[in-house]
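*Asks:* Just dropping this structure here.
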Amino acid sequence: MEHYLLSDRLTPGYVVIEYGNPKCPAADVGLFTREIYVEPSGYACTSSQLDHVVYVWKYYRVDSRGSRTPLAEGKDFFAPSTLGRANGEQCIQAQIFLYGNAGPVPKRDWWQMIEARHPECIKVIHARPVGASSN
C-alpha cells in the first residue's frame, strides 16, 4: 500500500511523484506501506522504484504536527495516472494526479514540473493536454 502525504500548504494543481531517481531519498517504509511526502511545490521524488503490484494508494493531507486527513478521489483529487518510459527512452516514471477542486486547469502543470527537473524527458511525453507545446 502506498501512502501519499500532501503538505497542508499545497495549493490546487497537478502533483508529480517521481520514482526511481537515485539522487532522491528512499520512500519511508512501514510494515505494509510506503510513504512519500509531497512538498508544497507539488513535486516529490524518491529513489524507490514504482511498485507495479500496488493496488491501493491512499492520499492524505498532513499538517505541521503530522496529523493526517484522508482525501477522497473525485472530491479532493482527480485523475490519478502513471507516467512510464516511452519508446524505450530513459525518462522518469511517475504518479500524477490533480489535487484540489475540479475547476479550470491550474497554472502548475505536470509537464512543466517534469521539464524543469528533467528537460531531456519532455520529448518523450506523449500525453500532453490540447494546445501544449511540443518543443
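The values are calculated or read from the model by the stated rules, or taken from the named source; none is laboratory data. The model shown is predicted, which means the values in this text are computed figures rather than measured ones. Here the Cβ positions follow ideal geometry from the backbone for every residue, glycine too, while neighbour counts run over all protein chains shown.
*Asks:* Restricting to region 110-123, what's the tally of residues that are under 14 Å from the mean Cα position of the chain (by Cα) and at pLDDT below 75?
*Replies:* So the count comes out to 1.
*Asks:* Quick test for you: out of Ile36, Ile17, pick the one residue that is out of contact with any helix residue (DSSP H, G or I) (no Cβ under 7 Å at 6 or more places or on another chain), closer than 17 Å to Gln112 by Cα and at pLDDT 90 or above.
*Replies:* Just one listed residue meets the conditions, Ile17.
*Asks:* Could you tell me whether region 46-65 includes any residue that is without any contact (Cβ under 8 Å) to a residue 40 or more places away in the chain and farther than 21 Å from Gly84 by Cα?
*Replies:* Within region 46-65, one or more residues are without any contact (Cβ under 8 Å) to a residue 40 or more places away in the chain and farther than 21 Å from Gly84 by Cα.
*Asks:* Here's something else I'd like to know. From Leu6, Leu50, which residue is at pLDDT 95 or above and under 16 Å from the mean Cα position of the chain (by Cα)?
*Replies:* Selected residue: Leu6, the only one of Leu6, Leu50 that is at pLDDT 95 or above and under 16 Å from the mean Cα position of the chain (by Cα).
*Asks:* While we're looking at this one, here's another question. Would you mind stating whether Val38 is out of contact with any His (no Cβ under 8 Å at 6 or more places or on another chain), surrounded by 17 or more Cβ atoms within 10 Å (Cβ to Cβ) and free of Cβ contacts under 8 Å to residues at least 40 places away in the same chain?
*Replies:* yes
*Asks:* If you don't mind, another one. May I ask you to verify whether Ser7 is surrounded by fewer than 19 Cβ atoms within 10 Å (Cβ to Cβ), polar (S, T, N, Q), within 27 Å of Glu115 (Cβ to Cβ) and in contact (Cβ under 8 Å) with a residue 24 or more places away in the chain?
*Replies:* yes
*Asks:* Across region 64-92, what is the total count of residues that are over 13 Å from Tyr14 (Cβ atoms) and modelled with pLDDT of 85 or more?
*Replies:* Counting residues in region 64-92 that are over 13 Å from Tyr14 (Cβ atoms) and modelled with pLDDT of 85 or more gives 13.
*Asks:* Give, as residue ranges, the strands (runs of 3 or more DSSP E) completely inside region 1-77 that count at least 2 residues that are basic (Lys, Arg).
*Replies:* The strands (runs of 3 or more DSSP E) meeting that bar are 57-62.
*Asks:* Another question, if that's okay. Report whether or not Arg68 is closer than 19 Å to Gly100 by Cα, in contact (Cβ under 8 Å) with a residue 60 or more places away in the chain and charged (D, E, K, R).
*Replies:* yes
*Asks:* Quick one: in region 41-53, which of the residues that are out of contact with any Lys or Arg (no Cβ under 8 Å at 6 or more places or on another chain) and surrounded by 12 or more Cβ atoms within 10 Å (Cβ to Cβ) is nearest to Leu10 (Cα to Cα)?
*Replies:* For region 41-53, the residue satisfying everything is Ser41.
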